[in-house]
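The values are calculated or read from the model by the stated rules, or taken from the named source; none is laboratory data. Please read all numbers here as calculations on a predicted model, not as lab measurements. Heads up, the Cβs are rebuilt from the backbone with ideal geometry, glycines too, and the neighbour counts pull from every protein chain shown. The accessibility values were calculated without ligands, DNA or RNA, using every heavy atom of the protein model including side chains. Shrake-Rupley method; radii C 1.70, N 1.55, O 1.52, S 1.80 Å.
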Amino acid sequence: MKSIKKTVEYNTTSSYETLNNLTKQTKNVWVVFHGIGFLSKYFLRFFKELNPKENYIIAPQAPSKYYLNNEYKYVGASWLTKEDTQTELTNVLNYVDAVFTSENIGSNKNLIVLGFSQGVSIATRWIANKKLIFDTLILYAGSIPKELKKEDFNHINFDSSIVELIYGDSDEYLSEKRLEHEKTKSDSLFQGKAKNKIFKGGHEIKPELLKAYE
């Protein structure tokens, strides 16, 4: 007899991490999405060189946690897999919306959205789904989801909102062909206004690059 897949809805509680305090002195609010294998609390270490009085960082946590390297010691997490992707994406976006609503950052701050590696797929989908207006979008060493179209970003004024793609010149996950594809995709989605930044290095976060957005 063939198995039958069913679904059920239920309430759940999920955590996230923040760095620094949200005050009247806060200039920039960052919403940052980590890559596969990270936990948000460790991802935040890359943002500790930013001015703590002017930068408040919100790091949502990918829901699917697992032990790294089969050692049952260190824990990482993943945003999505190819299994039940659409259902899981809906859950993730509902969670990110809840985090953003809970933080109640107001409209007088610069909103910077950053996705690193797998986090790029969540950052771009969140903006497209929520019709979010941002000041700066940083797509760092990741791929834009195939299903996103130019129309998904029609709510953005790219004369005032900045989009930048950052990647290392020796990133083992980004071949020349793949990079060319990402550039073509970003030109289509962001009206040719996205800028590209290349640094010397691999698939890694360079904290000194983030200071340019303070």
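Report Rg/Rh for the range 25-130, rounded to two decimals, where Rg is the Cα radius of gyration and Rh the Kirkwood radius.
My calculation puts Rg/Rh at 0.99.
Once the convex hull of the alpha carbons of the range 111-214 is built, what does its volume come to per residue, in cubic angstrom?
88
At q = 0.15, 0.19 Å⁻¹, what base-10 log of I(q)/I(0) does the Debye formula yield for the range 48-201 when every alpha carbon is treated as an equal point scatterer in vacuo?
Relative scattering, expressed as log10 I(q)/I(0), comes to -0.91, -1.41.
Give the residue from A77, L44, N110 lying farthest towards the positive end of the charge dipole for the range 10-139; charges sit on Cβ (+1 for Lys and Arg, -1 for Asp and Glu) and the dipole is referred to the Cα centre.
N110
Calculate the dipole size of the chain relative to its Cα centre from +1 charges on Lys and Arg beta carbons and -1 charges on Asp and Glu beta carbons; express the result in debye to the nearest 20.
The calculation lands at about 200 debye.
What whole-number value in Å² describes the accessible area per residue of the range 21-103 for a 1.4 Å probe?
56
If one computes the Cα centroid of the range 27-72 and of the range 174-214, what distance in Å separates the two points?
19
What is the antiparallel percent of DSSP beta bridges lying wholly in the range 1-99, to the nearest 5?
That works out to approximately 65 percent antiparallel.
Give the accessible surface of the range 142-206 per residue, rounded to a whole number of Å², with probe radius 1.4 Å and ligands, DNA and RNA excluded.
Per residue, the range 142-206 has 59 Å² of solvent-accessible surface.
Per residue of the chain, what 222 nm ellipticity follows from adding -39500 (n - 2.57) for every DSSP H run with n ≥ 4, rounded to the nearest 500?
About -7500 deg cm²/dmol.
Ignoring ligands, DNA and RNA, what percent of the 1.4 Å accessible area of the chain is carbon and sulfur?
Accessible surface attributable to carbon and sulfur in the chain totals 48 percent.
Quick one: length gained pulling N91 to K130 fully straight, 0.36 nm per residue minus the C-alpha distance?
The span from N91 to K130 would gain 12.7 nm if fully extended.
Which whole-angstrom value gives the distance between the alpha carbon centres of the range 139-155 and the range 74-127?
14
Give the residue list of chymotrypsin sites (Phe, Trp or Tyr not before Pro) in the range 89-198 that are DSSP loop and have at most 16 other beta-carbon atoms within 10 angstrom.
For chymotrypsin sites (Phe, Trp or Tyr not before Pro) across the range 89-198 that sit outside H, G, I, E and B with at most 16 neighbouring Cβ atoms in 10 Å, the list reads F158, Y173.
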